[in-house]
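Read the structure below first, then the notes.
The values are calculated or read from the model by the stated rules, or taken from the named source; none is laboratory data. Owing to the predicted nature of the structure, the values given are computational and were not obtained by experimental measurement. All Cβ positions, glycine included, derive from the backbone under ideal geometry; neighbour counts span all protein chains shown. To get the accessible areas, we keep the full protein, side chains included, count just its heavy atoms, and leave off ligands, DNA and RNA. Shrake-Rupley method; radii C 1.70, N 1.55, O 1.52, S 1.80 Å.
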Amino acid sequence: VSHAARRWGVPLVYVNAVGGNDGLLFDGHSLAFAADGEAITELPFFERAVRTVDLAERTTLPEVDELAVLHRALVTGVRDYARKTGMSRWVLGLSGGIDSALVAALGSLALGAENGAALAMPSRWSSDHSIGDARALANRLKLPFEIIPIEPAHAAYEAMLTAPLDRHPLPDNDVTWENVQARIRGATLMAWANRTGALLL
């Protein structure tokens, strides 16, 4: 924007929309530059804002905190997607790990913890520590928490598949049953989302 203002020798105001629209995310951050290419002002990221500018003013733009902008982008994207698709409730599988903890925090900020549900779905590979961490995080966020054991479903899959699968050689790094566990969790979350009208994060 600065280069274009200098090139044409005129003040340049760049005005950007704010908000999510399906796969598009508009970050706001409108800018005004003087004809000499110096900054006049900037508006915040991911906020609706109106500002009257004096073309004689000059300012130094601060460094952009990329992580903070990414955080606001994720919250805005989730919030606007839910709002524009008519959803107010949300659900996630909370494992006690950092990835689902991050999603729980973002969902709580975007849609409200009171509108969410965190499901822990333990199996034979789940430690008490992971369930405890998931519960502690849900408590801190005031996020409704429920435990749905998936071991019965996993045992049913094993009973159904062991004989047919045993006719095939076992690979060196066999992840068959761990992947079955992940698919059971996915189906469980989708069932919850379908019944409650929640957005699955």
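With an 8 Å cut-off on Cα pairs and a minimum separation of 6 or more residues, tell me the relative contact order of the chain in percent. List each step's numbers first, then the result.
On the way: 313 pairs, mean separation 31.6, N = 201.
Rounded, it is 16 percent for the chain.
Rounding to the nearest 20 debye, state how big the charge dipole of the stretch 39-159 is about its Cα centre with +1 on each Lys and Arg Cβ and -1 on each Asp and Glu Cβ. If you can, show how the numbers build up before the last one.
Numbers: 12 positive and 15 negative charges, 88 e Å.
Charge dipole of the stretch 39-159: 420 debye, to the nearest 20.
Return the label of the correct value of mean projected area of the Cα convex hull in nm², as calculated from the structure shown, out of (i) 14.6; (ii) 16.7; (iii) 18.9.
(ii)
Anyone know which of 189, 143, 55 comes out most mobile in the 10 Å Cα GNM of the chain?
Of 189, 143, 55, the Gaussian network model singles out 55 as fluctuating most.
Which residue, chosen from 92, 82, 67, occupies the Cα position most advanced towards the positive end of the dipole of the stretch 66-113, where the dipole is computed from +1 (Lys, Arg) and -1 (Asp, Glu) charges on Cβ about the Cα centre?
Positive-end residue among those listed: 82.
List, in order, the whole-Hz ³J(HN,Hα) value for each residue of the stretch 62-75 obtained from phi through the Karplus relation with A = 6.51, B = -1.76, C = 1.60 and θ = phi - 60°; use x for Gly and Pro.
Running phi through 6.51 cos²θ - 1.76 cosθ + 1.60 with θ = phi - 60° gives x, 4, 7, 7, 4, 5, 5, 5, 4, 4, 5, 5, 5, 4 Hz.
Can you work out ³J(HN,Hα) from phi for every residue in the stretch 30-38, in order, using Karplus 6.51 cos²θ - 1.76 cosθ + 1.60 and θ = phi - 60°, giving whole Hz and x for Gly and Pro?
So the Karplus estimates, Gly and Pro as x, are 5, 9, 10, 10, 7, 4, 8, x, 7 Hz.
What does the extension gain come out to for residue 148 and residue 83, with contour length at 0.36 nm per residue minus their alpha carbon separation? Present the calculation step by step, with values, prior to reporting the outcome.
Values: separation 65, 0.36 × 65 = 23.40 nm, distance 2.82 nm.
Between residue 148 and residue 83, full extension yields an extra 20.6 nm.
By how many nm would the segment from residue 129 to residue 52 grow when fully extended, if each residue of separation counts as 0.36 nm and the alpha-carbon distance is taken off? Please report the intermediate quantities before stating the final value.
Numbers: separation 77, 0.36 × 77 = 27.72 nm, distance 5.45 nm.
Additional length available on full extension: 22.3 nm.
What is the dipole size for the stretch 18-61, taken about its Cα centre, with +1 at each Lys and Arg Cβ and -1 at each Asp and Glu Cβ, in debye to the nearest 20? Before the final figure, lay out each step's value.
Values: 3 positive and 8 negative charges, 21 e Å.
With Lys and Arg at +1 and Asp and Glu at -1, about 100 debye.
Which far-off residues, 5 or more places away or on another chain, put their amide H under 5 Å from the one on residue 41, with H placed in the peptide plane?
32
With a 1.4 Å probe and all protein chains left in place, how much of the accessible area of the chain comes from carbon and sulfur atoms, in whole percent? Mind dumping the intermediate values first?
Working: 7150 of 12510 Å².
Carbon and sulfur together cover 57 percent of it.
Rolling a 1.4 angstrom probe over the protein heavy atoms, how many square angstrom per residue are accessible across the stretch 2-95?
Details: 6070 Å² over 94 residues.
Here the residues of the stretch 2-95 average 65 Å² of exposed surface.
Of the options 145, 164, 175, report the single residue whose Cα projects farthest towards the positive end of the charge dipole of the stretch 112-184 (beta-carbon charges: Lys, Arg +1; Asp, Glu -1).
145
For the chain, set up a Gaussian network in which alpha carbons nearer than 10 Å are linked by springs, and say which option among 156, 110, 138 fluctuates the most.
Between 156, 110, 138, it is 156 that shows the largest mean-square fluctuation.
If you take the beta carbon distance between residue 175 and residue 60 as r and set R0 to 45 Å, what does 1/(1 + (r/R0)^6) give as a FRET efficiency, to the nearest 0.05?
Working: r = 53 Å, r/R0 = 1.18.
For residue 175 and residue 60, the calculated efficiency is 0.25.
Select from 201, 101, 111 the residue farthest towards the positive end of the dipole of the chain; place +1 on Cβ of Lys and Arg, -1 on Cβ of Asp and Glu, and compute about the Cα centre.
111
Could you put 161, 199, 74 in order of accessible surface area, largest first, with the 1.4 Å probe and the full protein assembly present? Present the calculation step by step, with values, prior to reporting the outcome.
Values: 161 50, 199 25, 74 75 Å².
Listed by decreasing accessible area, they come as 74, 161, 199.
Tell me the angle of helix 151-165 to the major Cα principal axis of the chain, expressed in degrees between 0 and 90 and rounded to the nearest ten.
70 degrees
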